[in-house]
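Colleague: Got a structure here, written out as structure tokens. Questions coming.
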Amino acid sequence: MDIAAIPVGHEPALQRLAVLTTLVAIVAAGGALRDEATTDRHSPAVADERAYVRLAGDLRRDRTYGDPGMKHPLHWAPGTPTLFAAAEWLAAPSDRRGPVPDADRRAQAAVGTAAIAAAFALAALLAGPIAGLAAAAAVAAYPPMVDASAVLVSEPLGALTLLVAGLALAWAWRGPPARFLLAGVALGIACLVRADLLLPAVLAGPGVAALAWRARGRRGALLSGAGLLAALVAVLVPWIAYASHRDRTFVPITDGGASTLYVATSLPGHGTIFGLKRALAPEVRRRHPALRHQPVFRIPSTAVFDTIAARHPGRTRDAAVRLELHRNVADIARHPFAYLRLEAAKLWRMWGSPYHAIPHRHRRAAVVWLHRILVLLALAGAIAGLVRSGRREIALLLGVLVAATAVNVVFVAEARHAARLVPTLFAVGAAGWALALRPAGPATASDAGTRAPAAAARP
């Protein structure tokens, strides 16, 4: 989207130039921080990084998603491996041998830098350029997303695609129902990067229809919601069909749902894979003597699930995990308050501390409290702006963030799951504060844009 096309009211050209200059400076500074972070990595790659790089190499060399040596390649959504494969091909189109990690890290830095501009665009579209600059500055300087450029995981691309989806939703709100087709496409792409956005994206269709009912009338509201869902389905169906055919069962983007939900519902494991390793460590060590003297954090997840499978001879590992999941659900029914405490702990684990992107780096207290203050300020601003202005597109964007949080809290909630939501929250929060603090008076150009569909929809 052209920055000049974002409504900024009737400010003179000098003020537009000042906004553009400031934005360029913020984006350049944020890009420099991310570029520097790509070289500030000395710890070994974690499992997800190795998987993304391996999948990217398979895509680039063999045009396949995963090689025969990977047991569960569909555990990872295709968006990030596709990004890395494209970056590697652009960097070395004739090199079909090993991975090109430098190209992958440059892609991470570029994606993180693009998220700064996307945060500006979303906040500026909602409430003007000052809100946009505040959102861009917050995203540019937010330490966890700077550090995320150094690791080859899906958080930077997930943050960018969610911001673009939010921007598409806000833009669609200001025009005819056909615009929601683009919003559905953007949400579909975000889902292919992070499968946990699938339910929030599906719920966005009825959410659009419900919020637009009075403004657009019944026909306009239904067309808007249906258009979003139709485009979402059109984007997702090819991948879901491929993945389901390959696994010979229905795969909603990724196939890790049962094992992830088993970990998430384990009361003895406190809803985390590390807690599950600790709870099952004696049993795992009995079945795997080679792990007898290994610390808990070095026990492979595969050994844990192999141990679970060994409890049920004659069943596949997936069938054994599903059976154990049913037992977890029975435990939850017997101990509902313990489960509620578990869910509250997962919510705090997700939002209470920042994403610790680089393994083994000391987490400074200042960064933790900066994260908490920014998140609380952004949430307060979004709510204040919604109450003051009644902007239903803010309610829609907040609904997407709440739904995404709920999905992750039900499953395995970690700080990294909030990291990709934080930039969108910053943008909505900055816009909310701008709307809440705006003096009462005649409607601005951006306000008028939100009411245009209502006027057009009424007979």
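Colleague: With angles folded into 0 to 90 degrees, how steeply does helix 155-173 sit against the dominant principal axis of the chain? Use alpha carbons for both and round to 10.
Modeller: Around 40 degrees separate the two axes.
Colleague: Give the ranking of 71, 346 by solvent-accessible surface, highest area first, calculated with a 1.4 Å probe.
Modeller: The most accessible residue leads, giving 71, 346.
Colleague: Here is a follow-up. What do you get for the angle between helix 13-37 and the principal long axis of the chain? Use alpha-carbon atoms, 0 to 90 degrees, nearest ten.
Modeller: With both axes taken from Cα atoms, the answer is about 10 degrees.
Colleague: Can you give the accessible area per residue of the chain, in Å², using a 1.4 Å probe?
Modeller: Value for the chain: 46 Å² per residue.
Colleague: Once you order the gyration tensor axes a ≥ b ≥ c over the Cα atoms, which shape class does the range 137-268 get: rounded for a/c under 1.5, otherwise prolate or oblate by comparing a/b with b/c?
Modeller: Since a/c reaches 1.5 but b/c is at least a/b, the shape of the range 137-268 is classed as oblate.
Colleague: Rounded to the nearest Å, what's the spacing between the alpha carbon centres of the range 178-232 and the range 305-337? Just the number, please.
Modeller: Here the answer is 36 Å between Cα centres.
Colleague: Tell me the net charge near residue 308. Cut-off is 11 Å between Cβ atoms, residue 308 excluded, with +1 for each Lys or Arg and -1 for each Asp or Glu.
Modeller: Net of charged neighbours comes to +2.
Colleague: On to the next question. Could you tell me what percent of the accessible area of the chain is made up of carbon and sulfur, with a 1.4 Å probe and every protein chain present?
Modeller: Ligands and nucleic acids excluded, carbon and sulfur give 66 percent.
Colleague: Among rounded, prolate and oblate, which fits the chain when a ≥ b ≥ c are the square roots of the eigenvalues of its C-alpha gyration tensor, a/c under 1.5 means rounded, and a/b larger than b/c means prolate?
Modeller: prolate
Colleague: Can you give me the angle between helix 301-310 and the longest principal axis of the chain, using Cα atoms only, in degrees from 0 to 90, rounded to the nearest 10?
Modeller: 60
Colleague: Something else now. Could you please report the charge total around residue 202, scoring K, R as +1 and D, E as -1 over all other residues with beta-carbon less than 15 angstrom from its beta-carbon?
Modeller: 0
The values are calculated or read from the model by the stated rules, or taken from the named source; none is laboratory data. Nothing here was measured: the structure is a model prediction, and the numbers come from that model. All Cβ positions, even for glycine, are placed from backbone atoms using ideal geometry, and neighbour counts span all protein chains on display. Protein only, heavy atoms only, side chains kept; ligands, DNA and RNA dropped before computing areas. Shrake-Rupley method; radii C 1.70, N 1.55, O 1.52, S 1.80 Å.
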